[in-house]
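Below you'll find the structure, written out as structure tokens, and then a few comments.
Each reported figure results from applying straightforward, stated rules to the coordinates on display, with no laboratory input. Please read all numbers here as calculations on a predicted model, not as lab measurements. A quick note on method: Cβ atoms are made from the backbone with ideal geometry, for glycine too, and the neighbour counts reach across all protein chains shown.
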Amino acid sequence: MKTNYLYIHLACAILLAACQGAPHASQADRAMLLQDVTLIDGHGQAPREHMDILMQGDSIAQIGQHLDTLGVTVMRLTGKTVMPALISAHVHVGTLKGTENSGDFYTRDNIVRQLQRYQDYGVLQVLVMGTDRPLLFETGLADSSLKGLVPGARLHSAGYGFGAAGGAPPAAYGMDLVQRPATPEEAARQVGDLAKLHVRNIKMWVDNMGPGKPKMDPGVYHALIGAAHQNNMKAAAHLFYIADARQLVKDGIDIIAHSIRDQVADDTLVAAIRDKGIVYIPTLALDKFAYAYGDTPPWLDNPYFRKSLEAGAFELITSQTYRDGIRNNTNYPDKVRAFETALKNVYILHKAGVLVALGTDSGASPARAQGFSEHMELILLVEAGFTPLEAITAGTKNAAKALRVDDAYGTLETGKKADLLVLNENPAQNIAGTQSIFRVFKAGQEVSQGPQ
Ligand SMILES: [Zn+2]
């Protein structure tokens, strides 16, 4: 007996030493072949049929036809389509729970739960636009998530956003920690503090969000943008009006984080946005959801939609009170018009060569369901005039560029990380096919079979 125990202990000790000596050995050795798929690589070219993808460790080792199967696990996927995982460059995480948004809900559990939901919907990276809270940085969650050590989508944070005192955004709905600098000096100092948290983007709200409210002083946002650039950060702006877009573009904004919605963009502005390499994130889903529940939208019966909602949200947004609140509001026609203007602008900008990236504002309210909104955004891009492949590029390659992770993510090619979706249907034929998730792979590991 004693000898056996000793033997077992010895074996354990040897195994432990071996594992500690080469912690990634098993991961590096793991190889899996996704065999005979239709490949959408994210670059926008026509899908390639009967392709094999060899994943080794966390990356793509090879893409080709009839690849060697010796010594690798083979997943035969005839009839399936593979595309890069989605990336959403404008979301909110952790402040939504049930039918409310509040800073009180911002716990590790709630954050991870929502990152896992994004993952179930094939979204493996998200940029949280200005509603994060100290817990994210103090507990190391921000760094761990980016390294892929936390389950779910990798969280990129814009830290604590910037707004106007007494103006946008409202302090409620979990936005009580938004900073409201009174002077350019204060603005620059606060950006410097965010840089210390390794935040790579800042978010500002440049909008009155209704008549009579104060807007951010142009001197303040000029200082925010300047300080961001000094710290190698990109500056993103919430906006609505074309006049604000013009000024922000002049001042060097890097990311327009919502559509221009009051007017169709003129040639001069379009050319400036393109020539300065500004990223345009239209968040069309937000504008659709702002009025759609005044009616019975066609996706209500879609189980894919229902599974993405927080508890109680379906009942809330389909209630007569909610419907009447939208329908009978005097601003209802304005909301419809804003959406239609947004559709026109995104297409004009896209055709002119502006980089359009997927982003939705999901998680900012119960009606903006995390995961489903991202797939809805792709549908709306197609409604705006994008081809399905162009919409997919916006949600993969372009969004990776917006997050500055395109060296490793956003397209499927040798050497890039194996973040990809296996779909039952081909979304190049019908963009709604992105909802037919069969498997989600994050860094070469199967992490989900879609929303359950
Ligand atoms: Zn937002």
Quiz prompt | Net lengthening on full extension, Gln45/Thr268 (0.36 nm per residue, minus Cα-Cα) | solution = 77.3 nm
Quiz item: What is the dipole size for the chain, taken about its Cα centre, with +1 at each Lys and Arg Cβ and -1 at each Asp and Glu Cβ, in debye to the nearest 20?
Solution: 420 debye
Self-check item: FRET efficiency estimate (nearest 0.05) - Cβ-Cβ, Asn331 to Gln445, R0 45 angstrom
Solution: 0.45
Quiz prompt | Sequence ranges 57-65, 172-180, ranked by mean other-Cβ count within 10 angstrom, highest first | solution = 172-180, 57-65
Self-check item: Residue-averaged [θ]222 nm for the chain, counting only DSSP H segments that reach four residues, each worth -39500 (n - 2.57)
Solution: -11000 deg cm²/dmol
Self-check item: Whole-angstrom gap from segment 196-269 to segment 116-159, using each part's C-alpha centre
Solution: 23 Å
Practice problem: Would you mind putting 145-152, 441-448 in packing order, based on average other-beta-carbon counts within 10 Å, highest first? | Solution: 441-448, 145-152
Quiz item: Given the C-alpha centroids of segment 160-180 and segment 39-84, what is the distance between them in whole angstrom?
Solution: 45 Å
Exercise. Classify segment 294-452 as rounded, prolate or oblate from the Cα gyration tensor: take a ≥ b ≥ c as the square roots of its eigenvalues, call it rounded if a/c is under 1.5, otherwise prolate when a/b beats b/c and oblate if not.
Key: oblate
Quiz item: In nanometres, what is the gap between the two model label sites at Asn424 and Lys147, each 7 Å from Cα along Cα-to-Cβ?
Solution: 3.8 nm
Quiz item: Taking square-rooted eigenvalues a ≥ b ≥ c of the alpha carbon gyration tensor, is the chain rounded, prolate or oblate, where a/c under 1.5 means rounded and, failing that, a/b exceeding b/c means prolate?
Solution: prolate
Self-check item: lysines with Cα under 23 Å of Lys276, excluding same-chain neighbours fewer than 8 positions away
Solution: Lys203, Lys234, Lys250, Lys344, Lys351, Lys397, Lys401
Quiz prompt | Positive-end residue, segment 144-249 charge dipole about Cα centroid, Cβ charges, pick of Tyr173, Ala243, Leu146 | solution = Leu146
Exercise. Could you tell me whether segment 344-387 comes out rounded, prolate or oblate from its Cα gyration tensor? Rule is a ≥ b ≥ c as square roots of the eigenvalues, rounded for a/c under 1.5, then prolate if a/b exceeds b/c, otherwise oblate.
Key: prolate
Quiz prompt | Relative contact order (%) - criterion: Cα under 8 Å, at least six apart; region: segment 234-278 | solution = 44 percent
Quiz prompt | Of Gln190, Thr360, Leu403, farthest towards positive along the dipole that unit charges on Lys, Arg, Asp, Glu beta carbons give the chain | solution = Gln190
Quiz item: When you count, for each residue, the other Cβ atoms within 10 Å and take the mean per peptide, how do 402-413, 276-287 rank with the highest first?
Solution: 276-287, 402-413
Exercise. In whole Hz, with x marking every Gly and Pro, tabulate ³J(HN,Hα) for segment 123-129 from phi via Karplus 6.51 cos²θ - 1.76 cosθ + 1.60, θ = phi - 60°.
Key: 9, 10, 9, 9, 10, 7, 9
